Amino acid sequence: MANLGKYTLFNNEIIPTEEANVSVASSAVLYGLSVYSVFYGQHTADGMLCFRLPEHLKRLKQSAMMIGLTNVEAELEKDFKLDKISELIKANNVNKDQFFRLTVHATQLVPGVRTSDLELATSIFMYEAKNILPQSGATLKTSLWRRTADAAIPARAKVNGAYVNSALAKQDAIDAGCDDCLFLNQSGHVSELSAANIFMIKRGELITPDASSDILEGITRRSIIEIAEESNIKVTERKVALTEMYTADEVFACGTSAFVSPILEIDNRKINTGRPGEMTMELREKLANAQSSKESIWTTLL
Ligand code: PMP
């Protein structure tokens, strides 16, 4: 991983990143039993501005709860204290924007497949924040692989093991010369990308797959909806057909690691003119402005 911080917060202790390890015999490694979230930190002279950190912690707890990991709340309260994260930032002495990956790992050794009453470990490591999609615009391929159904492994939960689904689809897209995949769900409706949500704009209205379309309910997605509503743009969350995307005026992806990225082509079909759309660029700028302000959505860690 590029520009990984030298130090990691592991079980409430700051240790060298290469020493922050879990066993090959742990449930985390054997079954992908761990949950995570990644938040964005903007480096400023006044400290690191952490975008919607409380929401990330809440989603992490909910992810653990959904898959039945127990005692997570107590672990997080003990290990993910803001002063400890500040210490981590100081130890790493960075001068660039960062992504922070928070994980709860099931470290129990070979317990068979179950999720409750397992030993847990926590970690936070940081790395330089670089967009996972080209800022100038990305191309997508509709995946042969379908999004995992809510009744299989819920996409709503950020479970590490579930990301095999994303890896399969993203690789398929890369092999086809595209930047990312577009997932459909089991019923054939548009879901999301490998690690970002998707929006389209039609006749000035912002439309995105709803929460029952097997999506991760992205924190950036929610921010975009709020920003659009504040700007008097009509927002609709509903089922979306693939061909609606083909014929949209604009399409964009969003997420912590994708920010707002214009989508220029899906399945070799140009979206409108094949250039980044006006409303997309406006929303991108408004998100960037929100990310540069010290409003309540930020937690400033000095
Ligand atoms: N969908 C998936 C599958 C993701 O992994 C991510 C990245 N966390 C997102 C959407 C975007 O979510 P967020 O805005 O909370 O980063």
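The values are calculated or read from the model by the stated rules, or taken from the named source; none is laboratory data. Please read these numbers as outputs of a predicted model, since none were measured by experiment. Here the Cβ is made from the backbone with ideal geometry for all residues, glycine too, and neighbour counts use every protein chain on show. Side chains are part of the model used for accessible areas, which takes the heavy atoms of the whole protein and leaves out ligands, DNA and RNA. Shrake-Rupley method; radii C 1.70, N 1.55, O 1.52, S 1.80 Å.
Here's the list of lysines a cross-link from LYS141 could span, going by alpha-carbon distance under 25 Å and ignoring same-chain residues fewer than 8 apart: LYS130, LYS158, LYS170, LYS202, LYS239, LYS270.
Want the number for ASN272 to TYR246: 0.36 nm per residue separation, take away the alpha-carbon distance, what's left? Don't jump to the answer; show the numbers that get you there.
Numbers: separation 26, 0.36 × 26 = 9.36 nm, distance 0.83 nm.
Full extension from ASN272 to TYR246 adds 8.5 nm.
Spin-label model, LEU168 to LYS96: label points 7 Å out along the Cα-to-beta-carbon direction sit 3.4 nm apart.
Solvent-accessible surface of the chain, taken per residue with a 1.4 Å probe and all protein chains present: 44 Å². Mind checking the full-extension length gain between GLU87 and ALA45? Use 0.36 nm per residue of separation minus the Cα-Cα distance, one decimal, nm. Separation in residues times 0.36 nm, less the Cα-Cα distance, equals 13.5 nm. Segment LYS78..SER116, full-extension length gain: 11.8 nm, with 0.36 nm per residue of separation and the alpha-carbon distance subtracted. Tell me the angle of helix 219-230 to the major Cα principal axis of the chain, expressed in degrees between 0 and 90 and rounded to the nearest ten. That works out to roughly 50 degrees. Spread over its residues, the convex hull of the C-alpha atoms of the range 138-291 is 97 Å³ per residue. Between the C-alpha center of the range 1-39 and that of the range 235-281 there is a gap of 34 Å.
Report, in deg cm²/dmol and to the nearest 500, the calculated mean residue ellipticity at 222 nm for the chain, where each DSSP H run with n ≥ 4 adds -39500 (n - 2.57) and the sum is divided by the residue count.
Numbers: 8 runs with 84 residues, N = 302.
The helix contribution divided over the chain gives -8500 deg cm²/dmol.
Projecting the Cα atoms of GLY32, PRO54, GLY204 onto the charge dipole of the chain, computed from C-beta unit charges around the Cα centre, puts GLY204 farthest toward the positive end. Taking a point 7 Å out from the Cα of SER136 in the direction of its Cβ, the residues of the range 248-289 whose backbone N falls within less than 16 Å of it are 261-265, 274-277. Surface composition of the chain: carbon and sulfur atoms hold 51% of the protein heavy-atom accessible area at a 1.4 Å probe. For the chain, the longest principal axis of the C-alpha atoms and the axis of helix 82-92 are separated by about 90°. Rg and Dmax, both from the Cα atoms of the range 7-130 and both in Å, are 14.6, 49. Here's the picture: charge each Lys and Arg Cβ at +1 and each Asp and Glu Cβ at -1 in the chain, and of GLN42, TYR246, ILE15 the one pushed furthest to the positive end of that dipole is TYR246. Computed from point charges on the beta carbon alone (+1 for Lys and Arg, -1 for Asp and Glu), the dipole magnitude for the range 138-291 about its Cα centre is near 180 Debye.
For the range 119-218, the Cα-based Rg and Dmax, in that order, read 14.6, 52 Å. Dimensions of the range 202-253 along the principal axes, based on C-alpha atoms and rounded to the nearest Å, stand at 28, 26, 16, largest first. Relative to the longest principal axis of the Cα atoms of the chain, the long axis of helix 278-292 makes an angle of roughly 20 degrees. For the chain, the equivalent ellipsoid built from the Cα gyration tensor has semi-axes of 32, 24, 17 Å, listed from largest to smallest.
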